[in-house]
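Just so you know, all these numbers are worked out from the coordinates, no wet-lab data involved. All values reported here derive from a predicted model rather than from experimental measurement. Counting neighbours? That spans all protein chains shown, and the Cβs are built from the backbone with ideal geometry, glycine included.
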Amino acid sequence: MNILNTQFAFNHKLFLFSLGSHHDKKVIWVKFDYDQNLIHHLRSHAHVLWSASQKAWYMTDNLEHRKLCGLESDLVGKDVLLKISEVNLPEFKKFQNMLTLKAYSLNTCRTYSIEFAQLLYVLKNYPVQDLPKEKLQSYFLFCHNELKLSENQIHSRINAIKFYYEQVLHQPKMFFDIPRPKKPLLLPKSLNSNEVKRLFSVTENLKHRLVLQLCYGMGLRVSEIVNLKISDIDSLDMKVRIERGKGKKDRFVNLPNLVLEDLRKYYKEYLPKVYLFEGRQGAQYSVRSAQLVFTDAMKKAKINKKIGIHGLRHSYATHLLELGTDISFIQKLLGHNDIKTTQIYAHVTDTSVAKVGSPLDRI
């Protein structure tokens, strides 16, 4: 185990967190004096496992768990940096510095860094800033033919490398001649109205039910639901401010009338201080906790669809379209920049096509 990185108190007792490895995987070790309440608290916020050999609890070392534990988040690990040639390491540092200056999200910074690093691995001692366009095209053919990357992976890699040449080297639109693979049209997975009702009916815990109801009733991403603050809710105008959603954009959504009474009851019972949904000791409710609430409700409702909590947002958009809501309004409520993103739901809710019967039914 590595040296202690951080700690926090719960019921006057301490969790001690440290970075390390277990069975060749990066983990976060969690140490504390044995207490069933602390174990329950841990399990309600993260997927923790017990190591018999180390006699300690641990969780996977990822961005979400680092944030939960108050640990610094590295964009990439030391193993990534060690694989990059000294010739290209300064350019990689410039690349990361520009991502930081542009205030990209931590997830985007990490994804771009890893994707750009893949090119640098292949180049070895060849200076990346001198790479001609023809060799870049050969590299993307290599990604297609040899690495067998998916369309989405190749798009991600192109975006990262494009960022380096256009934002770091200031070579605008140099990727104009490099064709992008056509992305597959994947329809969003959603629940029907009856399944949504069942989901709410089996969720007896007031806080848990409100998490699900607001995700569905306002079409929120799970990151947005855990970031909701009490000050964001205007019960007089029945509006909720979504602060710095995806793309760092603020927007307003409508507060459903159905939840107003339960929200007031919840506030009196739980007395949240800053965030609408808080864990113990006033900590912000974690994304993992909200996901577990959804998973547990799906099991109780006996809904066997392979779908995550984000499916409630898809369900919100799908059902609004079925009710005849103008798609431009749905775009604003969802916070989409491009209406093409919202139009994907039209493929799911085409009521005209749904009325066309199969010739099999006439036989």
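Centre-to-centre separation between the Cα atoms of the stretch 255-271 and those of the stretch 318-336: 25 Å.
A straight Cα-to-Cα reach below 14 Å connects Lys207 with the aspartates and glutamates Glu261, Asp262, Glu269, Glu278, Asp296, residues fewer than 8 places away in its own chain not being considered.
Annotation: extensible slack from Asn37 through Val202 equals 56.9 nm (criterion: 0.36 nm per residue apart, minus Cα-Cα distance).
Please work out the FRET efficiency for the pair Glu269 and Asp130, using the Cβ-Cβ distance as r and a Förster radius of 56 Å; give the result to the nearest 0.05. It comes out at approximately 0.30.
My understanding is that a pair violates if its Cα-Cα distance is over 26 Å; which of Lys25/Lys55; Lys67/Lys229; Lys31/Lys83 do that in this structure? Pairs exceeding 26 Å: Lys31/Lys83. Each residue, Lys299 and Tyr121, gets one label point 7 Å from its Cα in the Cβ direction; the gap between the two is 3.6 nm.
Each label was represented as a point 7 Å from its Cα along the Cα-to-Cβ direction; for Lys94 and Ser328 these points are 4.4 nm apart. Take the Cα of Leu101, step 7 Å toward its Cβ, do the same at Ser231, and the gap between the two points is 3.2 nm.
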